[in-house]
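Everything on this sheet refers to the single structure shown next.
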Amino acid sequence: MYIIFLGAPGAGKGTQAAEVARKLKLVHIASGDLFRQALEQGTELGIKAKSYMERGVLVPNQITIEMVLERISAPDSKRGAILDGFPRNLEQAEALDKALSREDKAIDKVVYIKVSEEELLRRLSGRWVCRQCQTPCHATDSPPRVPGRCDRCGGELYQRPDDTEESIRKRLEVYSVETAPLIDYYRRAGKLLEIDGVGGVAEVAGKITAALGG
Ligand SMILES: [Zn+2]
């Protein structure tokens with residue numbers, strides 16, 4: 001079973017991908033980790049990817065796809081995998097489908113975690129991070145015990161410059177422009193599961209596993 005998770009920044013995609021992978025005993029493949037691991041292990045693909053990253057250019061789709069294929073062929077992926085952070089656009093999705101079909105594999109389902117723009121804005125703009133230990137908290141969802149101070153180490157809390165309302169709106173706009181054709185593509189393929197992303201982590205994970213029939 002190969003499942004893709006989609007969701008805007010702040011929708012809880014990474015958290016849900018990890019939670020559902022644990023529940024269904026699937027491997028969670030976050031694209032960031034994929035690059036990190038390949039670099040650490042010094043695999044051929046990792047070295048290739050590094051040469052692009054060092055030049056400050058995007059790693060070509062083909063290399064990323066080969067990394068994904070390599071990862072889902074590993075013994076621990078036998079039951080299946082959840083892809084988190086890849087594909088990001090239509091071109092990557094089509095290339096991934098082609099590559100999978102050459103190996104007699106296919107994406108089974110695509111989980112799209114839907115959260116309204118207002119709620120995303122609320123979640124993202126309330127985010128504060130500790131200057132010392134980087135622990136995040138949220139102004140209303142998980143407020144610090146002492147205002148302005150980290151619960152964990154007492155360090156000063158600050159808001160990242162890209163967590164201001166204006167830059168959040170820009171990020172959400174970029175995401176939706178890139179992702180809309182992708183969502184359409186999987187909907188037409190009959191693979192899209194739209195999940196309401198409002199609620200606690202366990203609640204949303206429950207809705208996802210129910211939709212997946214697990
Ligand atoms: Zn701290």
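Scan the range 122-146 residue by residue and report those that are more than 14 Å from the ligand (Cβ to nearest atom) and either farther than 24 Å from residue 202 by Cβ or loosely packed, with under 11 Cβ neighbours inside 10 Å (or both). Listed by number, the residues that qualify are 125, 140, 141. Residue 150 meets all of the listed conditions (1) away from the ligand (no atom under 15 Å from the Cβ); (2) buried (at least 17 other Cβ atoms within 10 Å of the Cβ); (3) more than 15 Å from residue 10 (Cα to Cα) but one, namely (1).
Residue 112 meets all of the listed conditions (1) within 15 Å of the ligand (Cβ to nearest atom); (2) closer than 17 Å to residue 12 by Cβ but one, namely (1).
No value in this document is a laboratory result; all are computed from the given coordinates. Worth saying up front: this structure is predicted, and the values here are computed from it rather than measured. Here the Cβ is made from the backbone with ideal geometry for all residues, glycine too, and neighbour counts use every protein chain on show.
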